[in-house]
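The values are calculated or read from the model by the stated rules, or taken from the named source; none is laboratory data. Because the structure is a prediction, the values reported are computed rather than measured. Here the Cβ positions follow ideal geometry from the backbone for every residue, glycine too, while neighbour counts run over all protein chains shown.
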Amino acid sequence: MPWTLTWSNAGHPPPLLRAPDGRVHVLEAHDVLLHQAFKDASRTEHRRELMPGSTLLLYTDGLVERRGHDIEAAITQLAGLLNRHGNDPLPELLRRISERMAQPPPEDDVVLLALRVP
């Protein structure tokens, strides 16, 4: 039975969703940035069906953002890692991602959260 992901993004790095067939989707839908100047900005919720065997990866910008480096290239690299290693047990997947994305060393906090739909 599929699950339903409901999310709202205020400018954070896009979640990555690996389908059971290995394809990785960048969930790019987002709204305006969260900021006190935008008090009246409405939030939009987005929905996506998560099939059994799907893996959702959430991460902070510290994982993909480095001074002088292209963030889009880093997100593409991350999607490639999720594609290749997405069937690994989650602790192993997160370890691989952390090790491979750590160069150059991050200047910001890095947080990863992975969820696999049973």
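Details
- For first residues located in region 83-112 and modelled with pLDDT of 95 or more, partners that are surrounded by 10 or more Cβ atoms within 10 Å (Cβ to Cβ) and part of a loop (DSSP other than H, G, I, E, B) and lie 6+ apart or on another chain with Cβ distances below 6 Å form the pairs ASN83/GLY22.
- Among the residues here, GLY22 qualifies as touching a helix residue (DSSP H, G or I) at 6+ places or on another chain (Cβ under 7 Å), closer than 22 Å to ALA73 by Cβ and either part of a loop (DSSP other than H, G, I, E, B) or modelled with pLDDT of 85 or more (or both).
- Members of region 25-36 that are modelled with pLDDT of 95 or more and acidic (Asp, Glu): none
Per-residue answers, yes or no, for (1) surrounded by fewer than 18 Cβ atoms within 10 Å (Cβ to Cβ); (2) over 15 Å from PRO14 (Cβ atoms); (3) small (Gly, Ala, Ser); (4) touching a helix residue (DSSP H, G or I) at 6+ places or on another chain (Cβ under 9 Å):
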position	(1), (2), (3), (4)
ARG43	yes, yes, no, no
LEU50	no, yes, no, no
SER54	no, yes, yes, no
TYR59	no, no, no, yes
LEU63	no, no, no, yes
ARG67	yes, yes, no, no
ALA73	yes, no, yes, no
THR76	yes, no, no, no
ALA79	no, no, yes, no
